[in-house]
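Trainee: The structure's right below; bear with me while I get my questions together.
Coordinate-derived values only; no laboratory data. Treat the numbers as computed from the prediction; the structure is a model and nothing was measured. Here the Cβ positions follow ideal geometry from the backbone for every residue, glycine too, while neighbour counts run over all protein chains shown.
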């Protein structure tokens, strides 16, 4: 028969073994979740992207009435993490002042963009940064800051459809050719476009192998 002392030792050993098993399973589970998320991100998106969009723009300046006009952009994104990317864009647009003028402009923007849900097909995002604004032929120029938000929907592997809006504050009151008032000019831009993702194939394959290894090493073998 097992003595009371040996029974207590056996009980303590069983408790310690159970705790070790629980913590071990939890550690494997966390590792599996991290790998799964990284794999899923690369399944939907990628480490790089070409950004193409078109939309409309309206200016806030010194004239009483501005009209919406066409806006185009093309850019490049580089993922820093699954949530965060740095991107640069070239933007082409017109500023239309009713019964006064319609002049072409361009800007070069550098932004940091944050994806709220990079492991799902649908994700809101926000971005902010700075840029350089210029009229055609660089007749007038100005630095600026911008910020915006929107959402992206993955409609096919590595293709994201996005809708966004942004506010641009220019450090100049002469963009529209009229200097009046106490505030500088500003632009509101809205666009619909696509992100074409690429890159990360080797990383995706590595995460897939790791995921299979974790799952295989975590099999539950039933007792006979």
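Trainee: Conditions: (1) out of contact with any strand residue (DSSP E or B) (no Cβ under 8 Å at 6 or more places or on another chain); (2) assigned to a strand (DSSP E or B). Residue 167 meets all but one. Number of the miss?
Mentor: With (1) out of contact with any strand residue (DSSP E or B) (no Cβ under 8 Å at 6 or more places or on another chain); (2) assigned to a strand (DSSP E or B) applied to residue 167, the lone miss is (1).
Trainee: Taking residue 114 as the residue in question, decide whether it is closer than 15 Å to residue 149 by Cα and in a strand (DSSP E or B).
Mentor: Working: closer than 15 Å to residue 149 by Cα: yes; in a strand (DSSP E or B): yes.
Spelling it out, residue 114 is indeed closer than 15 Å to residue 149 by Cα and in a strand (DSSP E or B).
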